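*Asks:* Structure below; questions to follow.
The values are calculated or read from the model by the stated rules, or taken from the named source; none is laboratory data. Everything quoted here is computed from the prediction, not taken from an experiment. FYI the Cβ positions are ideal-geometry reconstructions off the backbone, even for glycines, and counts take in every protein chain you see.
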Ligand SMILES: [Zn+2]
């Protein structure tokens, strides 16, 4: 935890924890270091309580790649150039995104070739609520978050979007296309529905 002190034209001292878990202290421009220090000291119990809570949330957070847990609590873990020890949302997101870009386009092309689909472009997005989408212009998007789910679930989402190239709806013909390629697609659909909340940064 870092304590960041910012002085500005304000009347009183206030503090809060930011998204990175650092303590942001805002103080009046003319306040002395002694005033700020004693404010922090006076609120030490509150700071400790919140710092402990943030620490616990971080330890409980689990990270997945292809459905496998990759961050055992407290153990040092480095992945390429970035480390998961001090979770920094943006860096971690970038890490997962680059993994997604390495895997999903190739796998999509492979499945498309195998089942005679053609599409225009494929993009890896930061979509939070949708795993994938397909436009009438035959452009396909996948959320980078998909890389955290098991490979079978990734295949299901890819097949789902590929089938939209032929059926732009969720009618019986669409589901028959999906089932012809992946007979157990419902298992994957259910997995994403029940476990999908785990797969986010
Ligand atoms: Zn769909």
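*Asks:* Which residues, counting only those in the range 170-181, are loosely packed, with under 15 Cβ neighbours inside 10 Å and either under 25 Å from residue 197 (Cα atoms) or away from the ligand (no atom under 11 Å from the Cβ) (or both)?
*Replies:* 170, 172, 173, 176, 179, 180
*Asks:* Of all residues in the range 151-165, how many are more than 10 Å from the ligand (Cβ to nearest atom) and either in contact with a strand residue (DSSP E or B) (Cβ under 8 Å, 6 or more places away or on another chain) or under 15 Å from residue 114 (Cα atoms) (or both)?
*Replies:* Result for the range 151-165: 6.
*Asks:* Please list, ordered by first then second residue, the pairs with beta carbon atoms under 6 Å, 6 or more apart or interchain, first in the range 132-145 and in the same structural domain as residue 157 (by TED's automatic domain parsing) and free of Cβ contacts under 8 Å to residues at least 40 places away in the same chain, second assigned to a helix (DSSP H, G or I) and within 12 Å of the ligand (Cβ to nearest atom).
*Replies:* Between residues of the range 132-145 that are in the same structural domain as residue 157 (by TED's automatic domain parsing) and free of Cβ contacts under 8 Å to residues at least 40 places away in the same chain and residues that are assigned to a helix (DSSP H, G or I) and within 12 Å of the ligand (Cβ to nearest atom), the close pairs are 132/157; 132/161; 134/161; 134/164; 140/161.
*Asks:* If the requirement is being within 22 Å of residue 197 (Cβ to Cβ), at pLDDT below 95 and assigned to a loop (DSSP other than H, G, I, E, B), which of these qualifies: 76, 72?
*Replies:* On inspection, the qualifying residue turns out to be 72.
*Asks:* Report, by residue number, each residue of the range 117-143 that is closer than 23 Å to residue 193 by Cα, in a loop (DSSP other than H, G, I, E, B) and away from the ligand (no atom under 14 Å from the Cβ).
*Replies:* Those that are closer than 23 Å to residue 193 by Cα, in a loop (DSSP other than H, G, I, E, B) and away from the ligand (no atom under 14 Å from the Cβ): 126, 128.
*Asks:* Sticking with this one: For the condition within 30 Å of residue 57 (Cα to Cα), touching a residue at least 60 places away in the same chain (Cβ under 8 Å) and under 17 Å from the mean Cα position of the chain (by Cα), what is the one hit in 193, 200?
*Replies:* Residue meeting the stated conditions: 200.
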